[in-house]
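Engineer: One structure, as structure tokens, below. Some questions next.
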Amino acid sequence: MCAAVVFKVTTTVGTNTNVDHIWRLMLSTDNGENWTEIPNQPAVDPSITNMTVETSEAAPTSFYCLADDASNSWVKSYDTFNSTWTDHASSGFDPPSRMDMHLL
């Protein structure tokens, strides 16, 4: 099982408070009983506003991750058997909006 999890991180410097939402990818090998952060995942990027994880019967040991914001979108896959990431698309591509996805 895999999941994209967003953490709310609040930092205060002086009188300024900043809230970031940090996405991390988690993996469970025991049907959700325990979760661990996936190693070697993409760098923390507080500008990412949406992240989704998908699986495919054609690649049972992998999952695919789409992350996007206004200027930095990417698609990667993670092979749970080999613990490796593969790039499929990066900055510059324009993923469909959530509305477009519902219309497909």
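Engineer: Among the candidates Ser73, Ser77, which residue alone is among the small types (Gly, Ala, Ser) and in contact with a Leu (Cβ under 9 Å, 6 or more places away or on another chain)? It would help to see each step written out before you state the result.
Structural biologist: Numbers: Ser77 fails: in contact with a Leu (Cβ under 9 Å, 6 or more places away or on another chain).
After ruling out the rest, the residue left standing is Ser73.
Engineer: Determine, yes or no, whether Thr12 is assigned to a strand (DSSP E or B) and surrounded by 12 or more Cβ atoms within 10 Å (Cβ to Cβ).
Structural biologist: Values: assigned to a strand (DSSP E or B): yes; surrounded by 12 or more Cβ atoms within 10 Å (Cβ to Cβ): no.
Judged against the criteria, Thr12 is not a match.
Engineer: When both residues are 6+ apart or on different chains and their Cβ atoms are under 7 Å apart, which pairs have a first residue that lies in region 3-19 and is of a type in the set (Phe, Trp, Tyr), and a second that is assigned to a strand (DSSP E or B)?
Structural biologist: Phe7/Ile22; Phe7/Arg24
Engineer: What do you reckon, is Val44 at pLDDT below 85, surrounded by 10 or more Cβ atoms within 10 Å (Cβ to Cβ), among the β-branched types (Val, Ile, Thr) and in a loop (DSSP other than H, G, I, E, B)?
Structural biologist: Working: at pLDDT below 85: yes; surrounded by 10 or more Cβ atoms within 10 Å (Cβ to Cβ): yes; among the β-branched types (Val, Ile, Thr): yes; in a loop (DSSP other than H, G, I, E, B): yes.
So Val44 passes the test.
Engineer: Among the residues of region 19-32, are any loosely packed, with under 13 Cβ neighbours inside 10 Å and of a type in the set (D, E, K, R)?
Structural biologist: For region 19-32, residues loosely packed, with under 13 Cβ neighbours inside 10 Å and of a type in the set (D, E, K, R): present.
Engineer: Sticking with this structure for a sec: Name the residue, out of Thr12, Thr36, Thr52, that is farther than 21 Å from Ala67 by Cβ and hydroxyl-bearing (Ser, Thr, Tyr).
Structural biologist: Thr12
Engineer: Take the conditions under 21 Å from Trp74 (Cβ atoms) and out of contact with any Phe, Trp or Tyr (no Cβ under 7 Å at 6 or more places or on another chain) and apply them to Trp35. Does it pass?
Structural biologist: Numbers: under 21 Å from Trp74 (Cβ atoms): no; out of contact with any Phe, Trp or Tyr (no Cβ under 7 Å at 6 or more places or on another chain): yes.
It is false that Trp35 is under 21 Å from Trp74 (Cβ atoms) and out of contact with any Phe, Trp or Tyr (no Cβ under 7 Å at 6 or more places or on another chain).
Engineer: Cβ contacts < 7 Å: first residue under 16 Å from Glu37 (Cα atoms), restricted to region 59-84; second residue among the basic types (Lys, Arg) and buried (at least 18 other Cβ atoms within 10 Å of the Cβ), any location; separation 6+ or different chain. Result?
Structural biologist: Pairs that qualify, where the first residue is under 16 Å from Glu37 (Cα atoms) and the partner is among the basic types (Lys, Arg) and buried (at least 18 other Cβ atoms within 10 Å of the Cβ), are Cys65/Lys76.
The values are calculated or read from the model by the stated rules, or taken from the named source; none is laboratory data. On a predicted model such as this, the values are computed, not experimentally measured, just so you know. Positions of Cβ are backbone-derived with ideal geometry, glycine not excepted, and every protein chain shown enters the neighbour counts.
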